[in-house]
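Working notes, beginning with the structure itself.
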Amino acid sequence: MKHLIIRSLIISASATLVSTGCSKILEEQPRSFYVPDFFKTEKGVQGGITSQYAHLRFLYGQPYYYNSLETGTDEYTYAQSADANFKDVDYSGVGNLTASSSRSDVLWGTAFANINTASGIIENAGAVGTISTALIAEARFFRAFDYFLLVQTFGGVPLDLGAGELKFNTAPSRKSVRNTVPEVYTKAVFPDLIQAVNELPATPRVTGGVTKTAARLYLAKAYLTYGWWLQNPGNIPTYPATNRTDPDGHDAAWYFQKAYDVAAEAIDNPGPFGMETTFYDLHVGGNDRNKEMILYADHTQESEFYNGACLACFDGEAGNGRNSAAWMVNWNYTVIRSAPNADGTGAAVSSVQREASQALGRPYTRMAPTIGALTNTFADKTLDSRYDGTFSTVYRGNWPKGGTTNTVLYNANELPVTPGQPILSFLEDETLAPGIVYPAGATFPGKTSNNVGAGVLPGRADFVVTPRAISRIVFPGLWKLGVYRTDNGTGLGQPNATSTRPFKIAKFSELYFIAAEAAVKGATTVAGKSARELINVIRARAGKWKFSNKNNAAFVADNSAALMAATPATIDINYILAERSREYFGEGHRWFDLVRTQKWNELAGTYEIAPATYGSHTPQTITRTILPTHYLRPIPQVQLDGMELSAEEKAKYQNPNYQ
């Protein structure tokens with residue numbers, strides 16, 4: 001396999017292969033317009049393919065699109081510093097999602113531009129004579145990938161962009177007609193993915209390139225999702241209005257079986273892919289391009305040009321493919337203070353400073369996990385490694401890296417702390433809650449330490465917060481997406497630059513979930529791949545530890561047998577969804593999972609969290625108003641404004657409840 005890292009960040013880009021010894025990169029040249037003849041050249045096809053990978057960065061890691069996939073679910077709600085971008089999708093009475101405010105507009109604009117490029121490649125690349133069907137299949141994969149995202153988000157969407165269905169369009173079009181959901185699946189998603197499975201290689205042609213395994217994963221997931229759509233157990237409306245019948249005459253059971261069969265085939269024929277040994281290995285910085293990663297939006301610390309964003313600056317959060325999603329789920333831990341004097345007085349010192357490290361990073365306080373996510377989803381924090389491998393729960397002193405010279409500071413109970421020791425800890429359960437004393441506000445009277453309203457326990461130098469005491473302003477950060485840099489030296493590094501880590505999109509592990517969900521929906525299974533056996537592959541890995549983030553130390557344990565034994569003999573959809581949340585928490589899967597299974601209102605209709613003030617630790621129960629029509633996002637206003645249609649026609653074009 002060529003070690004050719006795809007790092008283009010320009011959606012409309014041409015590319016030239018440049019060889020430098022044994023390593024290769026794709027060199028980009030911006031273009032604003034494509035014509036068919038461009039894709040009849042090898043350079044044009046290579047440029048178009050490069051842009052297919054590049055467009056992933058405009059979706060994955062984009063903070064507002066990320067928010068649209070997590071906020072409002074049972075995983076996340078809005079946090080203290082949230083604006084309307086985040087409050088609108090919480091459906092809890094603090095905002096109103098409209099065609100103008102919906103941040104699913106990020107998907108609409110990005111996906112259709114990429115779909116048109118893919119169509120240009122598919123139609124014209126054969127004329128070059130030197131372009132393999134495997135390379136063209138990469139364009140087919142991404143066209144299906146984008147249409148699959150669109151149909152899940154908006155319902156039926158246009159297959160004709162102005163030149164005919166699935167045709168490359170070279171002229172601006174002010175007309176648009178939406179196809180139905182069955183048409184999008186059966187004309188665009190399934191055919192392209194089936195051909196991609198047949199024509200893509202088992203081993204990627206470049207590092208991070210798509211393969212048969214990637215195509216099988218998305219084909220299986222599309223079959224599964226369409227099966228749910230046909231079955232429609234929650235009587236959720238679809239748009240454009242159409243009967244829930246398949247043009248090819250298949251029923252939901254047929255599609256569930258296809259989902260199972262394709263996923264099982266991918267598991268049996270993994271190519272170079274497989275499960276990482278531990279959950280920690282899967283998410284630790286520096287190991288992002290591991291064997292479990294089937295698809296990711298790439299970034300790099302090696303070059304600003306190929307990263308698409310500055311490496312050493314105070315960067316903005318959005319635009320040009322920046323990866324800043326992790327900022328949104330990070331609370332402002334830099335407010336924590338410790339005292340210089342042994343009696344807890346004196347000029348307060350920032351003991352946990354902003355640092356470019358995986359446990360810290362830049363805080364934005366836009367999205368907070370719900371209490372239920374910490375207490376119910378991650379109920380087992382001892383045997384199961386995934387809570388420890390998901391959240392930052394212990395905030396350790398790093399003040400010398402910022403230039404503060406104190407060798408010792410005084411923290412909870414006026415006890416001394418040194419660099420590297422815990423300053424604030426989020427406890428794993430409520431066992432110690434009766435003994436915790438919280439201040440009425442940010443600090444205890446007469447003390448300069450704390451400053452974030454955390455509690456104290458006798459004999460402990462770290463301030464503490466229990467799971468049921470988290471609030472919209474103080475909560476565990478998302479370690480798994482945290483910053484990873486190798487250029488910090490002895491200082492704080494570059495915590496204000498956007499993340500240089502690849503953003504994870506699809507993993508080999510999801511094949512087990514897809515097959516298990518299809519089995520729960522009635523698919524006939526093969527030996528060794530019942531729903532329980534498939535899920536236990538995931539749970540066996542979850543029981544293996546090699547490092548404890550909480551203790552910041554090596555920790556080797558194998559609880560696989562205990563976790564597998566605890567799996568119910570018969571699992572249902574709610575169990576699948578809980579297990580998916582433990583595995584993919586905060587990675588942008590949750591809204592799609594809840595919408596596909598029509599469990600959104602059931603599982604996320606209420607949630608608990610304390611208010612957005614320091615010292616608030618009493619949970620409030622919040623009720624969301626999630627209507628059946630909310631299972632589709634509104635067509636973006638910019639699309640409606642750009643069409644030459646009457647007001648009545650535009651209203652019909654829009655999804656119900658958003659006119």
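The values are calculated or read from the model by the stated rules, or taken from the named source; none is laboratory data. All figures in this text were calculated on a predicted structure; none of them were measured in a lab. Positions of Cβ are generated from backbone atoms using ideal geometry, with glycine treated the same way; all protein chains shown enter the neighbour counts.
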(request) Return the total of residues in segment 51-73 being closer than 16 Å to Asn320 by Cβ and part of a helix (DSSP H, G or I). (result) 11
(message) Condition check: of a type outside the set (Phe, Trp, Tyr), free of Cβ contacts under 8 Å to residues at least 24 places away in the same chain and closer than 27 Å to Gln494 by Cα. Does Pro400 satisfy that?
(response) yes
(request) Return the residue satisfying two criteria in turn: it lies in segment 314-331 and is of a type outside the set (Gly, Ala, Ser) and surrounded by fewer than 23 Cβ atoms within 10 Å (Cβ to Cβ), and of such residues it is farthest from Gly455 (Cα to Cα). (result) Asn320
(request) Starting from segment 314-343, keep only residues that are at positive phi, then list their pairs with residues that are buried (at least 24 other Cβ atoms within 10 Å of the Cβ) and of a type in the set (Gly, Ala, Ser) whose Cβ atoms are within a distance under 7 Å, requiring at least 6 positions of separation or different chains. (result) Asn320/Gly308; Gly321/Gly308
(message) Checking the structure you have, find out if any residue of segment 484-506 is touching a Leu at 6+ places or on another chain (Cβ under 9 Å), small (Gly, Ala, Ser) and part of a helix (DSSP H, G or I).
(response) no
(message) Can you find, within segment 426-463, the residue that is farthest from the chain's Cα centre (by Cα) among those that are buried (at least 22 other Cβ atoms within 10 Å of the Cβ) and either at pLDDT below 95 or outside any loop (DSSP other than H, G, I, E, B) (or both)?
(response) Val456
(request) Give the residues of segment 378-392 that are touching a strand residue (DSSP E or B) at 6+ places or on another chain (Cβ under 9 Å) and either part of a loop (DSSP other than H, G, I, E, B) or within 14 Å of Glu579 (Cα to Cα) (or both), sorted by residue number. (result) Phe378, Leu383, Ser385, Asp388, Gly389, Thr390
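Condition check ((1) polar (S, T, N, Q); (2) over 31 Å from the mean Cα position of the chain (by Cα)) across all residues:
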site	(1), (2)
Ala373	no, no
Lys381	no, no
Gly389	no, no
Thr404	yes, yes
Pro416	no, yes
(message) Restricting to segment 332-343, name every residue that is in contact with a strand residue (DSSP E or B) (Cβ under 6 Å, 6 or more places away or on another chain), buried (at least 21 other Cβ atoms within 10 Å of the Cβ) and not hydroxyl-bearing (Ser, Thr, Tyr).
(response) Ile336, Ala339
(request) Could you grab me the full set of residues in segment 602-658 that are exposed (fewer than 14 other Cβ atoms within 10 Å of the Cβ) and assigned to a loop (DSSP other than H, G, I, E, B)? (result) Thr618, Thr625, Leu627, Gly642, Glu644, Ser646
(message) Between Thr375, Thr334, which is hydroxyl-bearing (Ser, Thr, Tyr), farther than 20 Å from Ala497 by Cα and not in a strand (DSSP E or B)?
(response) Thr375
(request) Answer yes or no as to whether Ala99 is in a helix (DSSP H, G or I) and of a type in the set (Gly, Ala, Ser). (result) no
(message) Cβ-Cβ distance below 6 Å, separation of 6 or more or different chains: which pairs start in segment 56-67 with a residue that is within 11 Å of Arg366 (Cα to Cα) and touching a residue at least 24 places away in the same chain (Cβ under 8 Å) and end on one that is among the small types (Gly, Ala, Ser) and surrounded by fewer than 24 Cβ atoms within 10 Å (Cβ to Cβ)?
(response) Pro63/Ala318; Pro63/Ser324
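Against the condition among the hydrophobic types (A, V, I, L, M, F, W, C) and modelled with pLDDT under 95, how does Ala326 come out, does it pass?
For Ala326, the condition - among the hydrophobic types (A, V, I, L, M, F, W, C) and modelled with pLDDT under 95 - is not met.
Give Gly249, Gly234, Gly227 a once-over and let me know the one that is outside any loop (DSSP other than H, G, I, E, B) and either on the phi > 0 side of the Ramachandran plot or of a type outside the set (A, V, I, L, M) (or both).
None of the others qualify; the one that does is Gly227.
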(request) Being among the charged types (D, E, K, R) and over 17 Å from Leu632 (Cα atoms) is the filter; apply it to segment 126-180 and report the residue that is surrounded by the fewest Cβ atoms within 10 Å (Cβ to Cβ). (result) Arg174
(request) Kindly indicate which of Ala553, Ala566 is in contact with a helix residue (DSSP H, G or I) (Cβ under 9 Å, 6 or more places away or on another chain) and surrounded by fewer than 19 Cβ atoms within 10 Å (Cβ to Cβ). (result) Ala566
(message) Looking at Arg216 and the list (1) touching a Gly at 6+ places or on another chain (Cβ under 7 Å); (2) buried (at least 22 other Cβ atoms within 10 Å of the Cβ); (3) not polar (S, T, N, Q), which single condition is not satisfied?
(response) (1)
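Can you confirm whether Gly95 is at pLDDT 95 or above, surrounded by fewer than 23 Cβ atoms within 10 Å (Cβ to Cβ) and farther than 23 Å from Tyr296 by Cα?
yes
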(request) Report whether or not Asn559 is of a type outside the set (Ser, Thr, Tyr) and in contact (Cβ under 8 Å) with a residue 60 or more places away in the chain. (result) yes
(request) Out of the residues in segment 261-307 that are of a type in the set (Val, Ile, Thr) and in a loop (DSSP other than H, G, I, E, B), state the one that is surrounded by the fewest Cβ atoms within 10 Å (Cβ to Cβ). (result) Thr277
